[in-house]
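J.: Below is one structure. I have some questions about it.
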Amino acid sequence: MNRWPTVFLSLKNVDGLHFEKAYGQLVYEIGNLFQQYDFLLNSDRISENEKQMFQRIASGAAGEVEISRALQLLLQLLSKHYDKKAILLLDEYDVPLVKASSHGYYDEMLELMKSLMSTALKDNSNLFMAVITGCLRISKESIFTGTNNFVSDTINSSRYDEYFGFTQNDIDRILEDAGATTQMDVIKKWYYGYHFGDFDVYCPWDVMNYLRDYQHDPRVKPSSYWKNTSDNAIIRSFIDYAGSSITEKLEILLSGGYIIAENHQLS
């Protein structure tokens, strides 16, 4: 902590029915991010031209080219100011693409995000490391074309498997702190059993929401809090694209049957 200059950006709000609306949301998010680092405008290690670019982005007056290279610029300025490489934490990286796919402007958003990512991540001498999270698997294709040295941790990985949810030790401590140890069986029946790597974990969102309601009303019944928190539009688009064959296979699986399919692992 406090050893490296760090940039955190979430793209969860970059959404819109049209590209212009989504792009406006991205401009706002990046502008708000830059305003958190306005102390850089007083740095004697940063040139006047760089300060002018910073101000245009922070005020929302920058053009698309400057926005597409905004993360690269911010990492560069932080590195110059602190004389240290910077860390980039990027959350919900896939939301702009999922929304774009749902609303019909995928190509425009793909081009923008590809530039934003590649300039920030590829051969960036000011970047110490980056951590990127999202629901879709990170691939070297699409927006990460040409970006090297990826390490992808998924639900099948074992390095960080216990961090995808609450372990049993976590639950024991949480229930003790909440004065709800009598609810262990209920919580285990409803919210346990997510398998990540070598760990079985509890769904954090369900557990915390149930305990919140339980503390207000001990008679509350458990429910599936997680089920309505995500948008399944991209899954529906895949099913539509695949046609009737995937529908038949899903029906077989839902009725308790099985299918045989080839799994092609992409490098």
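The values are calculated or read from the model by the stated rules, or taken from the named source; none is laboratory data. As the structure is a computational prediction, the values presented were derived from the model and not from experiment. Cβ coordinates were reconstructed from backbone atoms using ideal geometry, including for glycine residues, and neighbour counts include every protein chain displayed. Quick note on the areas: whole protein, heavy atoms, side chains included, nothing else; ligands and nucleic acids left out. Shrake-Rupley method; radii C 1.70, N 1.55, O 1.52, S 1.80 Å.
J.: Look through the range 1-46, keep the residues that are over 22 Å from the mean Cα position of the chain (by Cα) and among the basic types (Lys, Arg), and return whichever of them is surrounded by the most Cβ atoms within 10 Å (Cβ to Cβ).
T.: It comes out as Arg45.
J.: Follow-up. In the range 138-157, what count of residues is obtained for those that are assigned to a loop (DSSP other than H, G, I, E, B) and at pLDDT below 70? Talk me through it step by step, then tell me what you get.
T.: So in the range 138-157, the residues assigned to a loop (DSSP other than H, G, I, E, B) come out as 138-141, 145-157.
In the following step, the residues that additionally are at pLDDT below 70 were identified as 138-141, 145-149.
Summing the residues that are assigned to a loop (DSSP other than H, G, I, E, B) and at pLDDT below 70 in the range 138-157 gives 9.
J.: What's the number of the only condition in (1) among the basic types (Lys, Arg); (2) open to solvent by 60 Å² or more (accessible area, probe 1.4 Å); (3) within 16 Å of the chain's Cα centre (by Cα) that Lys84 fails to meet?
T.: (3)
J.: Checking Gly134 against (1) part of a helix (DSSP H, G or I); (2) of a type in the set (Gly, Ala, Ser); (3) closer than 30 Å to Asp213 by Cβ, only one condition comes out false. Which one?
T.: Against the list (1) part of a helix (DSSP H, G or I); (2) of a type in the set (Gly, Ala, Ser); (3) closer than 30 Å to Asp213 by Cβ, Gly134 comes up short only on (1).
Each row is one residue, and each column tells you yes or no for (1) of a type in the set (Val, Ile, Thr); (2) closer than 28 Å to Ile132 by Cα.
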position: Ser152; (1), (2): no, yes
position: Tyr160; (1), (2): no, yes
position: Gln168; (1), (2): no, yes
position: Ile171; (1), (2): yes, yes
position: Gly179; (1), (2): no, no
position: Gln183; (1), (2): no, no
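J.: Only one residue in Leu110, Leu127, Leu90, Leu75 is in contact with a helix residue (DSSP H, G or I) (Cβ under 7 Å, 6 or more places away or on another chain) and open to solvent by less than 20 Å² (accessible area, probe 1.4 Å), so which one is that? Working first, answer last.
T.: Values: Leu110 fails: open to solvent by less than 20 Å² (accessible area, probe 1.4 Å); Leu127 fails: open to solvent by less than 20 Å² (accessible area, probe 1.4 Å); Leu90 fails: in contact with a helix residue (DSSP H, G or I) (Cβ under 7 Å, 6 or more places away or on another chain).
Testing whether each residue is in contact with a helix residue (DSSP H, G or I) (Cβ under 7 Å, 6 or more places away or on another chain) and open to solvent by less than 20 Å² (accessible area, probe 1.4 Å) leaves just Leu75.
J.: Enumerate the helices (runs of 4 or more DSSP H) found wholly within the range 164-267, keeping only those where 2 or more residues are under 30 Å from Leu17 (Cβ atoms), open to solvent by 60 Å² or more (accessible area, probe 1.4 Å) and at pLDDT below 95.
T.: Details: elements: 168-178, 184-191, 204-216, 233-242, 244-254.
Result: 233-242, 244-254.
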